[in-house]
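The values are calculated or read from the model by the stated rules, or taken from the named source; none is laboratory data. Note that the structure is a prediction, hence the values are computed from the model and not measured. Positions of Cβ are backbone-derived with ideal geometry, glycine not excepted, and every protein chain shown enters the neighbour counts.
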Amino acid sequence: MRIRISPDRPLCILALATTIMLAACSDSARESNTETSGASEPQAKPGLVLFPSNEPSAGATVLVEGEDFRGDCSVQIVFDDNDTEPLVTGSIDEEGIFSVQTVIPAEAPTGKHQLTAQGLTGSNCDQFSDNADTLDINIKSPLPLLLIDTIEARPGGSVQIAGRGFCNDAACSPVMVLVDGAIVAQDIEVDADGSFNVTAQVPAVDNAGEIMVVAVQTDAAGETLRGFGDLIVTVRPGGERPVIL
C-alpha cells in the first residue's frame, strides 16, 4: 500500500509514526513484566544464632537456633567439622526453623572455633549442599572457681583451698587469697592447667558465721580475675578469741 504524503500536512505523519512507536514500546514492557512476575524468588540463605552469646565457655550449655533452612528435614550440629561425632541432632520444621540445646565440649581449648548446622536427608527432603550454615565462635576462659575442703572452720584453723580456671600465662600475676578480707596466702603460682592448691589459716573473727574467701589474680590484659568461696566460722562455746600470729 502506498501512502501519499501531502506537503502541507507533515505534522500528521509525524504524529502517526510516534503513535506506532509508543504502541510497540508498551507491548515490549508488558512482555518484560510478564516474564519478571513469573520468575521464582531465590531461597534465603540459612542462618545460625547461638544463645546466650558467641563466646561460650568450654563445657557450657548453649541454645542453637537456625532459620531459612530447607524445611521438614533433620539437622545435625557439628563442632569444628567433626561430623563423625555431632554434638546433637534435631528437626527443621516446615518453615525452615529449628532450635536445639547442646553442650560445648569441655575439652575445647580457648580461642576461635566453629559450629556448623548441616541439613540431613529426611522423609521429605534431600541433602542439599546449601542447607547448612557455619557460625564462628570464641571459647573464652572459664570463670575462676574456688574449692574449699571444708564448709566449717574455726578461727586459727587451717583449710585447703583449690583454684580452677585461673591464668597460667607467664604474663599473669601470681594468685593472692583473702579470707574475710585478710590476706592469708600470696605469690601462689598457677599450674599449666590453670589450677592451684594452697593451705591457708582462718583469721580471727569477732562473730561466728559465714565469711568470704576470695582468690585474686591479674591476667595478661591487666584485667582482674576473682574466684569466690564461702566458709562458716564456728566458735567454741564460752571460748575466747584465739590469737593469730
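With the structure loaded, tell me whether ILE104 is at pLDDT below 95, farther than 30 Å from VAL216 by Cβ and in contact with a Phe, Trp or Tyr (Cβ under 8 Å, 6 or more places away or on another chain) or whether it fails that test. It is false that ILE104 is at pLDDT below 95, farther than 30 Å from VAL216 by Cβ and in contact with a Phe, Trp or Tyr (Cβ under 8 Å, 6 or more places away or on another chain).
For the range 167-179: of the residues being of a type outside the set (Gly, Ala, Ser) and modelled with pLDDT of 90 or more, which is farthest from THR199 (Cα to Cα)? Selected residue: CYS172.
Out of the residues in the range 178-225 that are among the hydroxyl-bearing types (Ser, Thr, Tyr) and out of contact with any Lys or Arg (no Cβ under 6 Å at 6 or more places or on another chain), which is surrounded by the most Cβ atoms within 10 Å (Cβ to Cβ)? The selected residue is THR218. Restricted to strands (runs of 3 or more DSSP E) entirely inside the range 144-225, no element has at least 3 residues that are more than 34 Å from the chain's Cα centre (by Cα), under 30 Å from ALA108 (Cα atoms) and assigned by TED's automatic domain parsing to the domain that holds THR110. Considering the conditions (1) in contact with an Asp or Glu (Cβ under 8 Å, 6 or more places away or on another chain); (2) modelled with pLDDT under 85; (3) over 30 Å from VAL216 (Cβ atoms), LYS140 is excluded by exactly one of them, (3). So, ILE148, is that one within 30 Å of ASP180 (Cβ to Cβ) and either crowded, with 17+ Cβ neighbours inside 10 Å or at pLDDT 90 or above (or both) or not? For ILE148, the condition - within 30 Å of ASP180 (Cβ to Cβ) and either crowded, with 17+ Cβ neighbours inside 10 Å or at pLDDT 90 or above (or both) - is met.
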